[in-house]
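The values are calculated or read from the model by the stated rules, or taken from the named source; none is laboratory data. Because the structure is a prediction, the values reported are computed rather than measured. Here Cβ is always computed from backbone atoms with ideal geometry, including for glycine, and neighbour counts include all displayed protein chains.
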Amino acid sequence: MQRTLVIIRHAKSSWANPLQSDFERPLNDRGKAEAPEMGRLLKKHGIIPDLIISSTAKRTKQTAKKLANELDYDFDHIKWEEKLYHCIPSVFEEVIYEVADNIKTAFIIAHNPGITEFVNNLSPDFSIDNMPTCGVAGVHFNSENWSHFSIEKRKVFLFEYPGKHDNTK
């Protein structure tokens, strides 16, 4: 069975309140606009999640909800994973191994720097310097089980981010 994993970095967050904890930082206006934009792009490509898994930090929760809204995904079915907050790449794999085998397409929404390192290990044919805010990397692999993710051959088929196709920047 072909499976699809979509890794998404949270949208642009606000630094307006210097006393606010990193965990509680919300999206800024740009992030609030770009998250739905990326949801529409994923929908246009026919990439619809069977499961959304998100870090519990405020900015990732807001990103997850904005994406879910554009993809007609029920907020109540988002799986909140505290361990995705500023995690190392091996934690992404732990989360993937826990995905039920009836799920064909899973989204994970998390943070840098771990997300950049994780996506750079998806395929030998793919490498980036930095996963942009609201950046999306999609990978296909064939397996009967999500628990075989790390041993299966994977192919990155999608790398998008807000402004990627804007020639005025």
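Things worth noting here:
- Listed by first and then second residue, the pairs linking a residue in region 130-159 that is touching a residue at least 40 places away in the same chain (Cβ under 8 Å) and within 21 Å of E98 (Cα to Cα) to a residue that is assigned to a loop (DSSP other than H, G, I, E, B) and among the basic types (K, R), with Cβ atoms under 8 Å apart and 6 or more places separating them unless they lie on different chains, are F141/K153; N142/K153.
- Being part of a helix (DSSP H, G or I), closer than 19 Å to T105 by Cβ and touching a Gly at 6+ places or on another chain (Cβ under 7 Å) holds for only one residue in K66, K43, and it is K66.
- When we screen A100, A106 for residues that are part of a strand (DSSP E or B), modelled with pLDDT of 95 or more and closer than 16 Å to S143 by Cβ, the only hit is A106.
- Apart from one condition, S123 fits all of (1) buried (at least 17 other Cβ atoms within 10 Å of the Cβ); (2) modelled with pLDDT of 95 or more; the exception is (2).
- Flag for P132 being surrounded by 17 or more Cβ atoms within 10 Å (Cβ to Cβ), assigned to a loop (DSSP other than H, G, I, E, B) and not β-branched (V, I, T): yes
- Residue within region 104-116 that is without any contact (Cβ under 8 Å) to a residue 24 or more places away in the chain and under 19 Å from A33 (Cα atoms) present: no
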